[in-house]
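The values are calculated or read from the model by the stated rules, or taken from the named source; none is laboratory data. Nothing here was measured: the structure is a model prediction, and the numbers come from that model. Please note: Cβ atoms are built from the backbone with ideal geometry, for glycine as well, and neighbour counts cover all protein chains shown. Areas reflect the complete protein model, heavy atoms only, side chains present, ligands, DNA and RNA absent. Shrake-Rupley method; radii C 1.70, N 1.55, O 1.52, S 1.80 Å.
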Amino acid sequence: MRNSIAAYVLLACVITGVTAAADECPPGALGVSRTIAVDASEHTRVGSMQYSESLPLNDHEVVLTFDDGPLPPYTTRILETLASECVKATFFMVGRMVRGYPSLVRRVYNEGHTIANHSQTHPFTFNRMSVDQAAREIEEGDASLRSALGDPKAISPFFRIPGLLRQNSVEQYLAAHDYMTWSVDFLADDWTHINNKEVARRAVSRIEARGKGILLLHDIQPATALALPEILRELKARGFKIVHVVPATPDRPKTVTEPEQWAARRSPEQQVWPRTLVVGAENPPAVLTAPSPENFGIEHFGEPVIRVALAQTFERHVVREGDAPLPPVAQWPRVASYTVPADVSVLPVPGALNFKYSRPFRLGKPERSRIANHKGGANPAAGVKDQNATGTTTSPSGSGPRPPRAVGHQLTVIRPPLALWPVWR
């Protein structure tokens, strides 16, 4: 009997030791440098790509986020990669995917990651739908997560708008219901069907250029699952740290921060022309002086006989009674000669990219499509594609071209032209 008890105790010790060893991070793992708890009611919008605030991160700190899942085997592969480096992330899940794979949702939560809402069906119309429609998507997505996890406290009050297609009314609804709306600081373009090496290259190069922030990835993409080990390896080699973000609760108070830590600072490549550079002056003196009465043609106060004479220019002169008339003033503009040093820096001519044009456009009214004659069984009532307009289709009623369908970050894929030169006929 004693031998049996000793054997059970020994077996229990062995199993406990194996479990503890499995929970420990392997040597040299990237790990999580720190966990920050945020109050969603205090900071309702984060992500410098769209908002004036981002998470209060230090230099060389990165928050990993994954959208659109869960979807096996890609989410499973990503979880295994994160576990191998002891890294935690935030997963913004779509409700219909949650209902399809509830066990995978529970695994993401049980492995210590943050669960967040990404709407119920992931529509690309959040920027033009009504508040009631958006509320239905938001609340149904939350209900799907609650049904899979069984505990409302397991769901964070974080929400990311599908396609980042924001509008103020929807963000106001989210803030009123204690949601924190998440945008991003940098992208990896992994939804554009590029290979895993290019996904890793873009992610690491953009992280290094900005220095800190929120990275957007998608756990439904096979290239992302293949690129994640390389991304984590490069971040570790370049001295970056991973930060895990969780919601503040009564048992877990918010992380103490300063207001300036939340301010999103634009990177140099995001600035608009012209760019100014002040060299050798920490506090440059003020250039403009306060206006004096002389600037308005008044030189003395209290004299009863003052007459203001307005010349043909913008200058004003004071003439008193009995004074000689003023000499004629040269009309504006006056020719002036300026000497420019040879080593002066000249501002460059601004390019089209400085004005943030999203696509080429044509001036003038779009031409109406010519409807083909009703010959050979053609349907004259059918809408005809306008060859001169871009992305518009003429309606059969003649009411003008319909506006192009708004697309988000998951649909803006640049495709090469299908026709290649020369074309032999």
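Exactly one residue out of ARG252, ARG202 is in contact with an Asp or Glu (Cβ under 9 Å, 6 or more places away or on another chain) and among the basic types (Lys, Arg), and it is ARG202. Within region 130-144, one or more residues are within 25 Å of LEU228 (Cβ to Cβ) and in a helix (DSSP H, G or I). Within region 109-122, restricting attention to residues that are part of a loop (DSSP other than H, G, I, E, B) and in contact with a Leu (Cβ under 9 Å, 6 or more places away or on another chain), the residue that is least open to solvent (accessible area, probe 1.4 Å) is HIS113.
Scanning region 149-167 for residues that are out of contact with any Lys or Arg (no Cβ under 7 Å at 6 or more places or on another chain), assigned to a helix (DSSP H, G or I) and either without any contact (Cβ under 8 Å) to a residue 40 or more places away in the chain or crowded, with 16+ Cβ neighbours inside 10 Å (or both) yields ALA154, PRO162, GLY163, LEU164. For region 202-223, the set of residues classified as in a helix (DSSP H, G or I), within 19 Å of the chain's Cα centre (by Cα) and surrounded by 17 or more Cβ atoms within 10 Å (Cβ to Cβ) consists of ARG202, ALA203, VAL204, ARG206, ILE207, ARG210, listed by residue number.
Scanning region 62-108 for residues that are closer than 15 Å to VAL184 by Cβ and either assigned to a strand (DSSP E or B) or modelled with pLDDT under 95 (or both) returns VAL62, VAL63, LEU64, THR65, PHE66, ASP67, THR90, PHE91, PHE92. Filtering ARG128, ARG146, ARG96, ARG106 for residues that are open to solvent by 60 Å² or more (accessible area, probe 1.4 Å), under 18 Å from HIS218 (Cα atoms) and either in contact (Cβ under 8 Å) with a residue 60 or more places away in the chain or more than 23 Å from the chain's Cα centre (by Cα) (or both) leaves a single hit, ARG96. Of (1) aliphatic (A, V, I, L, M); (2) open to solvent by 40 Å² or more (accessible area, probe 1.4 Å); (3) over 28 Å from ALA263 (Cα atoms), MET49 satisfies all except one. Which? Of (1) aliphatic (A, V, I, L, M); (2) open to solvent by 40 Å² or more (accessible area, probe 1.4 Å); (3) over 28 Å from ALA263 (Cα atoms), only one is false for MET49: (3). Assessment of region 183-198 against the conditions (of a type outside the set (D, E, K, R), in contact with a Phe, Trp or Tyr (Cβ under 9 Å, 6 or more places away or on another chain) and either within 19 Å of ALA40 (Cα to Cα) or modelled with pLDDT of 95 or more (or both)) yields at least one matching residue. Could you please find all residues in region 59-99 being of a type in the set (Asp, Glu) and farther than 22 Å from VAL32 by Cβ? ASP68, the sole residue that qualifies.
Looking across region 159-207, the residues that are among the small types (Gly, Ala, Ser) and within 18 Å of ALA264 (Cβ to Cβ) come down to ALA175, SER183. Scanning region 168-178 for residues that are of a type in the set (D, E, K, R) and touching a Lys or Arg at 6+ places or on another chain (Cβ under 9 Å) yields a single hit, GLU171. Output yes when any residue across region 233-240 is closer than 16 Å to VAL63 by Cβ, open to solvent by 10 Å² or more (accessible area, probe 1.4 Å) and free of Cβ contacts under 8 Å to residues at least 24 places away in the same chain, and no when none is. No, region 233-240 has no match at all. Within region 185-197, being farther than 19 Å from PRO123 by Cβ, touching a residue at least 24 places away in the same chain (Cβ under 8 Å) and not in a strand (DSSP E or B) holds for ASP185, ALA188, ASP190, THR192, HIS193, ILE194, ASN195, ASN196, LYS197.
For region 188-201, a residue qualifies if it is out of contact with any helix residue (DSSP H, G or I) (no Cβ under 7 Å at 6 or more places or on another chain) and surrounded by 19 or more Cβ atoms within 10 Å (Cβ to Cβ), and the qualifying residues are TRP191, THR192.
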